[in-house]
Amino acid sequence: MRIDTLSVTDFRNFQSLSASFSPEINIFHGCNGAGKTNLLEALFVLCLGRSQRAATDMLLVRMGSDVYRLEGVVETETGTQTRAVAYQTGGRKKITIDDVAVRIAELYERSAVVSAGPEDSAILSGPPSVRRNFIDIYLSQLSGRYLQDLIDYQKVLAQKNAALKKEMDPSPFEPLLIQVGSRIIKRRMTFIATLQELISTHYEEISGGEQVRVQYQPSVPIEDRDAGEDEIETAFQLKLYDRFVRERAVQTSLVGPHRDELYFEINNFPARTHGSQGQWRTAAISLKLAMYDLLREQRGTAPVLLLDEIFAELDSRRVMGLIDAFGDFSQLFLTTAAEPPEKLKARARSFRIHDGDIKDIA
């Protein structure tokens with residue numbers, strides 16, 4: 001996949017902006033607060049119709065406006081297409097491909113994109129919701145069925161929670177909750193097991209020999225990691241029975257994929273409590289590089305890679321290890337407030353972002 005052009009209207013701090021890009025490396029220079037991260041966010045929204053920073057569409061609209069619009073020419077394995085994503089405050093988001101309205105699921109089917117930035121340290125150090133968000137964004141790019149199950153699960157979960165809050169019987173919603181939720185859990189188990197091997201390799205190379213481990217911890221207790229959906233459904237049902245009284249007391253659902261967790265270890269210690277900022281950043285970047293490898297292998301196309309200030313908080317050894325990992329990449333977008341290593345600049349097209357505008361650097 002490749003992004004050839006982007007036009008931005010009233011998105012974040014940009015009133016109006018247009019740019020065409022190199023099919024290889026694109027480096028965005030600018031001071032902190034100039035909008036470099038916002039530009040990467042616009043590229044991500046163009047690809048998947050949502051922010052990688054979990055921002056709502058209302059927050060993406062430029063202050064003083066009530067509509068944002070993104071449009072770009074994108075090259076995919078099926079050919080060239082023009083995409084547009086637009087949102088009006090208080091209204092609905094509209095997504096089109098070649099002027100034909102499509103569902104957001106179609107962007108996931110046609111796109112492959114990986115984003116990495118300073119906020120990714122929260123995957124290691126932040127709340128469980130950040131880790132679940134990571135799983136959902138990237139696993140949905142691998143499986144349209146997973147994305148549809150996720151949509152269906154959220155709907156039935158909302159119905160069950162509404163029943164609990166009204167002190168009504170929630171049991172009519174639980175068979176579907178179990179069925180769809182078990183498929184989600186099974187897919188997540190397989191996904192994280194595959195990702196573990198890839199992240200370990202990248203982390204060791206970038207860090208110079210350190211080790212990282214990631215483990216999926218579903219809220220439904222499953223001892224056998226090769227368990228089938230029937231076994232997961234049985235465990236799901238038993239856990240719901242165990243939480244029967246508690247759920248009615250707190251008036252919310254306590255069992256299911258919406259309560260899942262990822263557990264990280266660095267050098268055999270819990271990453272959340274024992275990891276340094278540099279280790280968190282290295283592990284988060286390694287996780288995204290692993291995701292890049294997995295998408296490229298399973299989708300059969302090289303994803304667009306968006307890297308936001310990735311050299312921050314990394315020592316020189318880790319920086320050089322990361323640069324060495326760039327060798328097999330296709331199109332890359334990189335932001336930096338400082339001069340990037342010469343090894344990258346030699347292959348790149350450079351831009352400067354200032355005061356809501358973008359210009360080529362000769």
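The values are calculated or read from the model by the stated rules, or taken from the named source; none is laboratory data. If you're wondering where the values come from, they're calculated on a predicted model, not measured in any experiment. Because the Cβ atoms are built from the backbone with ideal geometry, glycine has one as well, and the counts that use them run over all protein chains shown.
Is the range 255-263 home to any residue that is in contact with a Ser or Thr (Cβ under 9 Å, 6 or more places away or on another chain), of a type in the set (A, V, I, L, M, F, W, C) and surrounded by fewer than 22 Cβ atoms within 10 Å (Cβ to Cβ)? Let's see the steps before the verdict.
Within the range 255-263, the subset in contact with a Ser or Thr (Cβ under 9 Å, 6 or more places away or on another chain) is 255-261.
Pick out the ones that are also of a type in the set (A, V, I, L, M, F, W, C) and you get 255.
If we keep only those that are surrounded by fewer than 22 Cβ atoms within 10 Å (Cβ to Cβ) too, we end up with none.
Looking through the range 255-263, none of the residues is in contact with a Ser or Thr (Cβ under 9 Å, 6 or more places away or on another chain), of a type in the set (A, V, I, L, M, F, W, C) and surrounded by fewer than 22 Cβ atoms within 10 Å (Cβ to Cβ).
Counting just the residues of the range 108-129 that are of a type in the set (D, E, K, R) and in contact with a helix residue (DSSP H, G or I) (Cβ under 7 Å, 6 or more places away or on another chain), which one comes out surrounded by the fewest Cβ atoms within 10 Å (Cβ to Cβ)?
Step one: of the range 108-129, the residues of a type in the set (D, E, K, R) are 109-110, 119-120.
Filter once more, keeping what is in contact with a helix residue (DSSP H, G or I) (Cβ under 7 Å, 6 or more places away or on another chain): 109, 120.
Details: E109: 15, D120: 23.
The residue in question is E109.
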* Asked: In the list K93, K186, K160, K165, which residue meets the criterion of being surrounded by fewer than 17 Cβ atoms within 10 Å (Cβ to Cβ) and touching a helix residue (DSSP H, G or I) at 6+ places or on another chain (Cβ under 9 Å)?
  -> K93
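Could you please let me know if A105 is touching a residue at least 12 places away in the same chain (Cβ under 8 Å) and either farther than 21 Å from R299 by Cβ or surrounded by fewer than 17 Cβ atoms within 10 Å (Cβ to Cβ) (or both)?
Working: touching a residue at least 12 places away in the same chain (Cβ under 8 Å): yes; either farther than 21 Å from R299 by Cβ or surrounded by fewer than 17 Cβ atoms within 10 Å (Cβ to Cβ) (or both): yes.
Considered against the rule, which asks whether it is touching a residue at least 12 places away in the same chain (Cβ under 8 Å) and either farther than 21 Å from R299 by Cβ or surrounded by fewer than 17 Cβ atoms within 10 Å (Cβ to Cβ) (or both), A105 comes out as yes.
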* Structure fact -> Log entry, pairs with first residue in the range 230-247 being in the same structural domain as S219 (by TED's automatic domain parsing) and surrounded by 18 or more Cβ atoms within 10 Å (Cβ to Cβ), second being in a helix (DSSP H, G or I) and of a type in the set (S, T, N, Q), beta carbons closer than 6 Å, six or more apart or on different chains, reads I232/S182; E233/S182; F236/S182
* Asked: Can you name the helices (runs of 4 or more DSSP H) wholly within the range 77-165 that have at least 1 residues being farther than 19 Å from L43 by Cα and in the same structural domain as G181 (by TED's automatic domain parsing)?
  -> 122-125, 128-142, 144-165
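Counting residues that are at pLDDT 95 or above and of a type in the set (G, A, S), which strands (runs of 3 or more DSSP E) fully inside the range 1-70 reach at least 1?
Numbers: elements: 5-11, 14-20, 25-29.
Here the list reads 5-11, 14-20.
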* Asked: Would you call L48 touching a residue at least 60 places away in the same chain (Cβ under 8 Å), touching a Cys at 6+ places or on another chain (Cβ under 8 Å) and more than 15 Å from D4 (Cα to Cα)?
  -> no
